[in-house]
Amino acid sequence: MSIEKLSASQLDRIHKTLETVPFAKLLGIELEEIGPGRATLGLNIRTELKQNNGVVHGGAIASLIDTATAFAIIALLPEGEQATTVDLTISYLRPLTKGRARATARVARAGRRLIVASAELVDDNGTLAATALTTYIKI
């Protein structure tokens, strides 16, 4: 895992958050890289994550992207502040059937109330499989 310019308290918050998200655990989402305003998370493709036609379910892809964007945002929030998704728009570009999917998210703008992030999801070969734009609101 690559970690740049995060304090010990930020890293502790990130790891505690990942440990306490039951849905991310269920899917098998893993943190690969993290930094201020950016994060890469991965997911091994398993049969349980596929539709009946053998491709990864869009909901699993959306969950990986949403989780990656959330982690890109976490390090930018002051202690005790949280944010939640208010909009997630995904363009599915290619089907995924095997290997590992990786979502890399970057914060595009962090305002007083809203945070906008973009994400790209690639397969093992680095082929772009989905893109997303998401908005979070601070709560």
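Within 10 Å of each candidate Cβ there may be at most 15 other Cβ atoms; applying that plus a DSSP loop requirement, which GluC sites (Glu not before Pro) in the range 46-82 survive? Show your work: numbers first, answer last.
Values: sites: Glu48, Glu79, Glu81; in loops: Glu79, Glu81.
Filter output for the range 46-82: Glu79, Glu81.
For the chain, the tally of Lys pairs with Cα-Cα distances below 29 Å comes to 10, considering only residues 8 or more apart or on different chains. Classified by the C-alpha gyration tensor, the range 17-68 has a prolate form. Its axis ratio a/c, with a ≥ b ≥ c, is 1.5 or above, and a/b is larger than b/c.
Relative to one another, the C-alpha centroids of the range 4-66 and the range 84-129 are positioned 11 Å apart. Out of the trypsin sites (Lys or Arg not before Pro) in the range 18-93, which ones are loop residues according to DSSP with at most 14 other C-beta atoms within 10 Å? For trypsin sites (Lys or Arg not before Pro) across the range 18-93 that sit outside H, G, I, E and B with at most 14 neighbouring Cβ atoms in 10 Å, the list reads Arg46. Net charge in the neighbourhood of Ala103 (other residues with Cβ under 15 Å of its Cβ; Lys, Arg +1, Asp, Glu -1) is -2. For the range 15-139, taking the reciprocal of the average inverse distance between every pair of different Cα atoms yields a Kirkwood hydrodynamic radius of 14.5 Å. Straightening the chain between Arg113 and Lys98 buys 1.6 nm, computed as 0.36 nm per residue apart minus the Cα-Cα spacing.
Full extension of the chain segment joining Val21 with Arg46 gains 7.1 nm, where the gain is 0.36 nm per residue of separation less the Cα-Cα distance.
Spacing of the modelled spin labels on Leu133 and Thr85, each 7 Å from Cα toward Cβ, amounts to 1.7 nm.
For Asp124 and Glu30 in one chain, what is 0.36 nm times their gap in residues minus the Cα-Cα distance, to one decimal in nm? The partial results should precede the final answer.
Working: separation 94, 0.36 × 94 = 33.84 nm, distance 1.50 nm.
Taking Asp124 through Glu30 to full extension adds about 32.3 nm, to one decimal.
Every number here is computed from the coordinates shown, using simple stated rules; none is lab data. Please read all numbers here as calculations on a predicted model, not as lab measurements. Methodologically, a virtual Cβ is constructed for each residue, glycine included, from the backbone with ideal geometry; neighbour enumeration extends over all protein chains shown.
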